[in-house]
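Worksheet for the structure shown next.
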Amino acid sequence: MNNKALPKKELGFFPTPLVELYRLSEALGGPRILMKRDDQTGLALGGNKTRKLEFLVGDALDQGCDTLITGGAAQSNHCRQTAAAAAASGLPCHLVLGGTAPDNLDGNLLLDYLLGANIHWSGEFRKGETIPEVAGQLKQEGFKPYIIPYGGSNATGAAGFVYAVAELKAQLNEMRIEVSHVFFASSSGGTQAGLVLGARMFNQLFVPIGIGIEKGEVGEDSLEVQVMNIANTTAKRLKIDTQFSLKDITVRNDYIGEGYGIVGELEREAIRLTAQTEGILLDPVYTGRAMGGLIDMIRRSEISRSDTVLFWHTGGVPALFPYAAELI
Ligand SMILES: *Cc1c(COP(=O)(O)O)cnc(C)c1O
C-alpha cells in the first residue's frame, strides 16, 4: 500500500462497537449475526456519514474553504451530521433540503436548526440539485464554500469506509471470527464503494451486500454502476492499483417497496423485532429496510445457518420520531 494519507478532521468516536446479536439470531433460527454499531459514532446522535465527513471536512479545511454546503431530504441524516461537523469545525453550514418549510420541527430537521445550519428549501428536489445556486450566492458574498455531494458519496467521503474495513478487521481478529456476508442499507453508494474497496485492500473475504433503499431516477445510472464508479475513483484517489467491474458489486433491490422513505410492514417488523430482542433501535428509512431484507433472506434460506453475517448499523435513529404515525 503506497497511499498517501488524506487530510482528516477527527469528528467521531472510533472504533465503534462490534457486538453479537444472540437473541435476534435465536428468534430467527438463523446464522450468527454480528452488528457494527455506526449508530454510535458519537457525532450529534451518530451515523455512517461521520466516517465520510472526517475526510470531507479534512479536505475542506485543507483547501482553505470557510463554509460547508450539502443537500438531501428534510429528514436527511447526512445533512444533520454535516451540520454537526460544521459546528465542531467552526464553519457555517448551508443545507439544501427537499420540500417546503414544515409547521413543526422534528427529528433530524429539529437538530439541523439546533446545530445552527442555514436551511434552503428546494421543493421537488431532494438530492441537492440546487446546491450550485446557493454556492454561487455565497461566493458573491465573499465566502469560499465547499460542496459536499448528496450523501457525501464521492472518492473523498468513501475513503472513510475503506478505513472502516481496517477497523473491522482488527475487531474480527481479536474476536477470532470470520464473517461471510456484510449487510447494510445502500443509497448514494459511498458506503458500499468504501466497503468493497476496503475488503479488497485489507484481504477480507466477506461479500458486501447492499440493500437498495430507493428507486433510481429515470436516466440515472443504476446503483451498481454508481457504486462501481465511486469505488474506482476512490482507488485512484488513494493510489491503490485496482479496478472493479459490475460483478464485484451486489445490490438487492427487492426490498424498496413503495419507495424512498415509505414505511411498510417489512420495516415495521424488522424495527420491532430488533428492538424487542436486542434493545437496539433501527431507523424507518434505511436500517429498518436493510434489516427487513436480511431477515427475509434468512427466512428464505438464502443465508444458511452455517454463515456468519454482519449487519452494519448505519444510524438514522432520529428519524423514528417524525415517522411515529407510520410505525405503530
Ligand atoms: C446515508 C445513509 C445510508 C446509506 O449510505 P450511502 O453511503 O448513501 O449509500 C444508510 N443508512 C443511513 C442511516 C443513512 O443515513
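Tabulated data
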{"item": "Residue selected from the range 263-290 under the condition aliphatic (A, V, I, L, M) and free of Cβ contacts under 8 Å to residues at least 60 places away in the same chain, by the criterion farthest from residue 224 (Cα to Cα)", "result": "275"}
{"item": "Hits in the range 289-313 - residues which are among the hydroxyl-bearing types (Ser, Thr, Tyr) and open to solvent by less than 10 Å² (accessible area, probe 1.4 Å)", "result": "none"}
{"item": "Some residue of the range 190-198 being in the same structural domain as residue 290 (by TED's automatic domain parsing), of a type in the set (S, T, N, Q) and within 27 Å of residue 30 (Cα to Cα)", "result": "yes"}
{"item": "Criterion (under 29 Å from residue 220 (Cα atoms) and either under 20 Å from the mean Cα position of the chain (by Cα) or assigned by TED's automatic domain parsing to the domain that holds residue 215 (or both)) met by exactly one of 78, 120", "result": "78"}
{"item": "Some residue of the range 311-319 being among the small types (Gly, Ala, Ser), assigned to a loop (DSSP other than H, G, I, E, B) and away from the ligand (no atom under 11 Å from the Cβ)", "result": "no"}
{"item": "Failed condition for residue 67, given (1) touching a Pro at 6+ places or on another chain (Cβ under 8 Å); (2) open to solvent by 50 Å² or more (accessible area, probe 1.4 Å)", "result": "(2)"}
{"item": "Lone unmet requirement of (1) among the aliphatic types (A, V, I, L, M); (2) open to solvent by less than 10 Å² (accessible area, probe 1.4 Å); (3) within 16 Å of the ligand (Cβ to nearest atom) for residue 73", "result": "(2)"}
{"item": "Subset tally (residues that are within 13 Å of the ligand (Cβ to nearest atom) and in contact with a strand residue (DSSP E or B) (Cβ under 8 Å, 6 or more places away or on another chain)) for the range 256-284", "result": "1"}
{"item": "Among residues of the range 50-67, those that are within 23 Å of residue 162 (Cα to Cα) and either over 16 Å from the mean Cα position of the chain (by Cα) or aliphatic (A, V, I, L, M) (or both), counted", "result": "9"}
{"item": "Test: residue in the range 19-37 that is open to solvent by 20 Å² or more (accessible area, probe 1.4 Å) and within 16 Å of the ligand (Cβ to nearest atom)", "result": "yes"}
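The values are calculated or read from the model by the stated rules, or taken from the named source; none is laboratory data. Every value quoted in this text rests on a predicted model; they were computed, and no experiment measured them. Don't worry about glycine lacking a Cβ; one is built from the backbone with ideal geometry, like all the others, and counts go over all protein chains shown. Side chains included, ligands, DNA and RNA excluded: accessible areas come from the protein's heavy atoms. Shrake-Rupley method; radii C 1.70, N 1.55, O 1.52, S 1.80 Å.
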